[in-house]
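Quick note: the coordinates plus some simple rules give every number you see, no bench work behind them. Here the structure is a predicted model, which is why all the values come from computation and not from measurement. In this analysis, Cβ positions are derived from the backbone assuming ideal geometry, glycine residues included, and neighbour counts consider all displayed protein chains.
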Amino acid sequence: MAEYAHPEVLVETDWVAEHLHDPNVRLVECDEDLLLYDQGHIPGAIKIDWVADLNDAVVRDYLNREQFEQLMASNGISNDTTVIFYGDKNNWWATYALWVFKLFGHEDARIMNGGRTKWVAEGREMTREVPSYPQTTYKAPERDDATIRAFRDQVRQHINQKGGALVDVRGPQEFSGERTHMPEYPQEGTLRGGHIPTAVNIPWAKAVKEDATFKSPEELRALYEGQGVTPDKDVISYCRIGERSSHTWFVLKYLLGYPNVRNYDGSWTEWGNGVGLPIEKTYNQ
Amino acid sequence: MDRQEAIEYLLEHYENPRNNGPMEDADVTMPGGNPGCGDVVTLYVKLNEAGDHVDRVTFEGQGCTISQAAASILTEMVEGKPLSEIDEMDFNDMIDELGREVVSNRPRCATLALGTLKAAIAKYRNDQVRADLAQS
């Protein structure tokens, strides 16, 4: 089997079990379920919540450099700490947190393959004990919104230029415009259903196997290249608020090694409500 | 209730849900769901004979810890309450009951069950009006 383009960004549960007491490794649990960590977590893991810790409380944006430095310092993370993210929902929120860490250039950030599901399924140790770590000094650069993040106007330009690929990672019903939410999820307040023109639909969870680990490089390549999302293109992924698409961003950038991939975190909640923004809708009723 | 007490309160209800399951003789059944979180609850409401008090509420649901714990807590809170008191129940009251410091970042999860209960009562009243009109 061929290797992933950057195999170092994935660690297996065995590796994590062997590094539970490694002072240079910090385990970070990121879940959709706010209290899952409190029900039990991997010994030594801290919790980072995508709302409370990563989002600005007022502006729809992420924390700024000072806030990120404070978050790192208070959790005992140094610039050279190896940060291992894991979480529920196939690591969906773990990849989101990793993406935010990369906006601030944290060098060594990795994902535990299979996430919380695999760790629990293997019957590994869990605890309710919340660890505390000595305060560190963390120096972050200003947040880099240019390299791996896309904004609405850039997406608008993107759909009119050749050599780009736009990946809508939501479900087929969201893509077609039949729904503005995930199957089994209630309706939400997006004014229009559909997708951004030129986008192809590759639901994010197609990148993982039943045991929540990532599919093989060959399978992933076939999945994305089969729909024209090839490494030579400038790729933007999006979903509803940029969380599911951070998972696809991670797959394309690190597992397949695409050089130019950005995540459009405004996603459908911005585009579907945006004044003057074109959409395509394939569901007609 | 401090933060840790609130967490323990919620986890205890999540792990040992009260009034959990369908109710065959419910007067009204109301599904509810939460955008962006994937939580769903269905409430089964039984009223007293006069139709002005809650006799009993049960729930079924799936989703995050807060949404399911809140549903369990709510079923205990409203047992025997007059409908007028439920009308007066504020979403902020529910957040305070659950522990504001813990649940304030997930307000929709925290208030899903209460919103669904209010919708159930509204449905019951509408059904009563329709029934009265049909008879007159």
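Just a few scattered comments:
- For residue B:123, a cut-off of 26 angstrom between C-alpha atoms picks up these lysines, skipping any fewer than 8 places away in its own chain: B:46, B:81.
- Once the chain from residue A:225 to residue A:282 is taken as fully extended at 0.36 nm per residue, the excess over their C-alpha distance is 18.3 nm.
- Annotation: extensible slack from residue B:135 through residue B:8 equals 40.6 nm (criterion: 0.36 nm per residue apart, minus Cα-Cα distance).
- All alpha carbon pair distances within region A:23-85 were sorted into 5 Å bins beginning at 0; the resulting P(r) in whole percents reads 4, 17, 25, 25, 19, 9, 2, 0.
- Taking label positions 7 Å along the Cα-Cβ direction at both residue A:80 and residue A:133, the computed distance is 1.5 nm, reported to one decimal.
- Using R0 = 41 Å, the C-beta based FRET efficiency linking residue A:15 and residue A:59 works out to 0.60.
- In nm, spacing of pseudo-spin labels at residue B:91 and residue A:142 (7 Å Cα→C-beta vector): 3.7 nm
- Charge dipole (debye, nearest 20) of region B:9-98; +1 at Cβ of Lys and Arg, -1 at Cβ of Asp and Glu: 320 debye
- Annotation: Cα Rg of region A:1-44 relative to the compact-globule expectation 2.2 N^0.38 Å equals 1.44.
- Filter on A:47/A:89; A:118/A:209; A:47/A:209 - keep pairs with C-alpha separation over 21 Å: A:47/A:209
- Shape analysis of the protein assembly as shown based on the Cα gyration tensor places the equivalent ellipsoid semi-axes at 40, 28, 19 Å, largest first.
- Rel. contact order, % - alpha carbon contacts under 8 angstrom, at least six apart, region A:1-124: 32 percent
- Partners for residue A:253 among aspartates and glutamates (Cα-Cα distance below 13 Å; same-chain residues under 8 apart left out): A:8, A:232, A:234
- Per-pair calculated FRET efficiency, R0 = 22 Å: residue B:24 and residue B:128 via Cβ, rounded to 0.05: 0.60
- Extents of region B:28-132, taken as max minus min of Cα coordinates on every principal axis and listed largest first, are 43, 22, 17 Å.
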